[in-house]
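Here's the structure, in structure tokens; my notes come after.
The values are calculated or read from the model by the stated rules, or taken from the named source; none is laboratory data. Here the structure is a predicted model, which means the values were calculated and not measured. Backbone-built Cβ (ideal geometry, glycine too); neighbour counts: all protein chains shown.
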Amino acid sequence: SGVGTLSGSYVAPKTVWLPAMKAKGLEISGTFTRQGGTISMDLQLTNKALQVMTDFAIQFNRNSFGLAPAAPLQVHAPLSPNQTVEISLPLNTVGSVMKMEPLNNLQVAVKNNIDVFYFSTLYPLHIVFVEDGKMERQLFLATWKDIPNENEAQFQIRDCPLNADAVSSRLQGSNIFTVAKRNVEGQDMLYQSLKLTNGIWVLAELRIQPGNPNLTLSLKCRAPEVSQQVFQTYETILKN
Amino acid sequence: ELDDGLDEAFSRLAQSRTNP
């Protein structure tokens, strides 16, 4: 399972994005983080070739949220055979936008002195959940009413034995904010909001019944195509 | 919290969602 950061935002363990056999000996593992509003791509480069690697550079294809490197890929010294280096690449969201399928798909090109290599990875959507995503209560109620029912999507989060307060605080660590909490007929109803870096708001209702490990998540958004990935992010944060 | 009517509005929302 993943590890938390100081701010509480969920960080998945690094996985292999580019196996050495597909990149003439260069292996790339990585994960994504968001801490205090700064998004990073945390990379591990390993040289499994017989020759030294130099002249690294990285580039992203256009993507749904305009994610782009905010600095060049800095590998300070040549990478010798069997050597591994850890790099934290800062990202911003001012790059070119193109809607990807799935929405969180990122296509990456990495070059070194040997060749150019390409890979795709999926980023957890919460890296684009902003810190000021708590919607004012009156606006929440008006927006909830205003978004048509066709735009509501419902999901089950199974096997999540957390109570409402634990759920609330864990989600807040990843910029999903509880706006109101009510108890109706024994079940807790959390009303939550989050905002994406492109200004899209997502409103949520999370139902928690005592003794039932399955939660019901209802999402309302004017851009309902984000709902599936938002649901997956809830699952990832709550189950890890 | 100030009693601005919003507490009541959230209760009504939660109620309506439980018993539509």
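Taking the criterion of being outside any loop (DSSP other than H, G, I, E, B) and of a type in the set (Asp, Glu), the residues of region A:107-161 that qualify are A:Asp146, A:Glu150, A:Glu152. Whenever a residue of region A:193-205 is within 14 Å of chain B (Cβ to nearest Cβ) and closer than 25 Å to B:Arg12 by Cβ, its partners that are among the β-branched types (Val, Ile, Thr) and not in a loop (DSSP other than H, G, I, E, B), lying with C-beta atoms within less than 9 angstrom and at least six residues away or across chains, give the pairs A:Ser193/A:Thr143; A:Ser193/A:Thr178; A:Ser193/A:Val179; A:Ser193/A:Val202; A:Leu203/A:Thr143; A:Leu203/A:Val179; A:Ala204/A:Val230; A:Glu205/A:Thr216. If you check A:Glu136, A:Glu152 for being surrounded by 16 or more Cβ atoms within 10 Å (Cβ to Cβ) and within 12 Å of another protein chain (Cβ to nearest Cβ), only one passes: A:Glu152.
Residues are listed down the side, and each one gets a yes or a no for (1) of a type outside the set (Phe, Trp, Tyr); (2) crowded, with 17+ Cβ neighbours inside 10 Å; (3) modelled with pLDDT under 95:
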{"residue": "A:Pro69", "(1), (2), (3)": "yes, yes, no"}
{"residue": "A:Pro72", "(1), (2), (3)": "yes, no, no"}
{"residue": "A:His76", "(1), (2), (3)": "yes, no, yes"}
{"residue": "A:Gln83", "(1), (2), (3)": "yes, no, no"}
{"residue": "A:Leu91", "(1), (2), (3)": "yes, yes, no"}
{"residue": "A:Ser96", "(1), (2), (3)": "yes, no, no"}
{"residue": "A:Lys99", "(1), (2), (3)": "yes, no, no"}
{"residue": "A:Leu103", "(1), (2), (3)": "yes, yes, no"}
{"residue": "A:Val108", "(1), (2), (3)": "yes, yes, no"}
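A Cβ distance below 7 Å, combined with a sequence gap of six or more or placement on separate chains, defines the contacts here; from region A:225-237, residues that are of a type in the set (S, T, N, Q) reach residues that are part of a helix (DSSP H, G or I) in the pairs A:Gln229/A:Leu125; A:Thr233/A:Leu125; A:Thr233/A:His126. Considering region B:4-18 alone, what residues qualify as being among the small types (Gly, Ala, Ser) and more than 8 Å from every other protein chain (Cβ to nearest Cβ)? If the condition is that a residue be among the small types (Gly, Ala, Ser) and more than 8 Å from every other protein chain (Cβ to nearest Cβ), then B:Gly5, B:Ser16 are the ones that fit. Scanning region A:121-166 for residues that are touching a residue at least 40 places away in the same chain (Cβ under 8 Å) and among the small types (Gly, Ala, Ser) returns A:Gly133, A:Ala153, A:Ala164. May I ask you to verify whether A:Leu190 is out of contact with any Lys or Arg (no Cβ under 9 Å at 6 or more places or on another chain), buried (at least 17 other Cβ atoms within 10 Å of the Cβ) and either part of a strand (DSSP E or B) or within 14 Å of chain B (Cβ to nearest Cβ) (or both)? Spelling it out, it is not the case that A:Leu190 is out of contact with any Lys or Arg (no Cβ under 9 Å at 6 or more places or on another chain), buried (at least 17 other Cβ atoms within 10 Å of the Cβ) and either part of a strand (DSSP E or B) or within 14 Å of chain B (Cβ to nearest Cβ) (or both).
On the given criteria, is A:Asn175 surrounded by 22 or more Cβ atoms within 10 Å (Cβ to Cβ) and more than 14 Å from chain B (Cβ to nearest Cβ)? Spelling it out, A:Asn175 is indeed surrounded by 22 or more Cβ atoms within 10 Å (Cβ to Cβ) and more than 14 Å from chain B (Cβ to nearest Cβ). Within region A:219-236, not a single residue is in contact with an Asp or Glu (Cβ under 6 Å, 6 or more places away or on another chain) and not in a strand (DSSP E or B).
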